[in-house]
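None of the figures in this text is laboratory data; all of them are computed from the coordinates on show. Quick caveat, the model's predicted, so the values are computed rather than measured. Cβ placement follows ideal geometry from the backbone for every residue including glycine, while neighbour counts extend to all protein chains displayed.
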Amino acid sequence: MSGIRHLAAFADLGAEQAARVLGLAHDYKRHGAPALLANKTMGLLFADPSLRTRTSMDQACFRLGGRALGLDVGAGTWKLEVEDGIRMDGDKPEHVREAAPVLSQYVDGIGVRAFSRSGTVDEEDADAVLQAFKHHATVPVLNLESAREHPCQGMADMLTIEEEFGGCRGIKVALSWAPHIKRLPRAVPNSVLLSAAAMGCEVTVAAPVGYELSPGVIAQAEQLAAASGGRVVQTNQQTDALDGCQVLYAKAWGATADSAPPDDPALAEWMPRLSHFDRADPAAVFMHCLPVRRDVEIAAEVLDSRRSRVVSQAGNRLYVQMALLAWLFEQ
Ligand code: CP
């Protein structure tokens with residue numbers, strides 16, 4: 001439906017509005033916010049677990065004078081089918097074609113968390129669940145982490161960089177792959193890259209061969225960087241990214257190919273330790289979206305060091321989401 005704002009992906013926001021939202025977030029953090037959501041309810045659909053997103057969204061609605069209604073998909077609500085043309089004889093008794101417009105009659109906006117199920121680039125790029133909600137809902141839809149993107153996280157990360165350095169423009173960000181025992185989705189690194197490129201950061205994406213981010217996301221980030229005066233570089237050498245970086249943002253994500261490459265013990269060296277900062281800017285900080293597996297994905301010595309911003313970064317989710325809600329419901 002035309003005229004309704006959605007934030008299913010960064011492209012729905014764009015660089016100019018993202019900068020506005022960051023300004024609002026700074027303001028709300030310093031001075032509080034008006035009751036912009038008075039008499040409004042956000043329905044928050046979670047198909048996957050969450051600590052930060054769930055709590056900070058609930059609190060963001062409350063601080064804006066509204067309320068949040070949390071719903072666990074498949075655990076208290078019906079499992080949801082999003083595929084069109086399918087005979088629904090499996091374990092999903094409700095289709096998004098009904099669920100989204102029905103919910104739209106009860107709530108004023110719908111937040112959706114639904115990770116990639118397969119971990120494939122094709123599934124991530126299609127981002128079927130968010131796109132289906134965007135298509136069938138008649139109220140604003142907000143991405144709470146989908147197969148392709150986690151815009152609330154990417155925007156909170158830019159707020160954190162702005163607070164640390166006084167702005168994002170020209171800040172050297174090393175966005176590094178990190179090891180993990182599971183094949184994690186690429187939504188967070190995708191959103192960090194898109195937001196940072198749009199805000200003018202110089203981002204070096206470092207990932208081992210076979211773990212590169214999707215060409216579609218890289219191309220979108222390059223376009224955003226070209227417009228913002230930022231830069232996007234890719235490398236398979238982590239040390240290239242660490243050289244002179246002001247932010248080391250490390251995150252695990254899965255292999256690019258559908259079948260993961262065989263385990264390579266050398267990849268454990270990608271887990272950031274304090275020694276990874278030897279080549280960084282002396283004032284460099286460490287960022288991660290959380291949750292994090294200590295001494296698997298990131299060394300505990302980094303998380304516990306003066307460089308770590310992971311806790312304040314998570315705190316900024318609240319203010320950015322208040323600002324995103326304000327933007328979403330702006331008349
Ligand atoms: N970073 C983040 O989205 O955390 P949760 O998965 O706990 O919401």
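Data table
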read-out: The range 253-331 shape via C-alpha gyration tensor axes, a/c threshold 1.5; value: oblate
read-out: Within the range 241-331, trypsin sites (Lys or Arg not before Pro) in DSSP loop having at most 11 other beta-carbon neighbours inside 10 Å; value: R306
read-out: Rg(Cα) / (2.2 N^0.38 Å) computed for the chain, rounded to two decimals; value: 0.97
read-out: Lysine pair count for the chain [Cα-Cα under 22 Å; pairs on different chains or 8 or more apart]; value: 7
read-out: Euclidean distance between Cα centres, the range 15-29 to the range 54-72, Å; value: 19
read-out: Relative contact order for the range 191-286, counting Cα pairs under 8 Å that sit 6 or more residues apart, in percent; value: 31
read-out: Calculated P(r) tail over 21 Å for the range 153-314, as whole % of Cα pairs; value: 39
read-out: Net charge of neighbours whose Cβ lies under 9 Å from the Cβ of W253, counting Lys and Arg as +1 and Asp and Glu as -1; value: +3
read-out: Three-way shape call for the range 79-194 based on the alpha-carbon gyration tensor, with the a/c threshold at 1.5; value: oblate
read-out: Leading residue at positive end of dipole, the chain (Cβ point charges), from S308, A226, N190; value: S308
read-out: Between the range 286-304 and the range 229-253, the alpha-carbon center distance in angstrom; value: 17
read-out: Stretch gain in nm, segment R293-I4, where the contour uses 0.36 nm per residue and the Cα spacing is subtracted; value: 100.1 nm
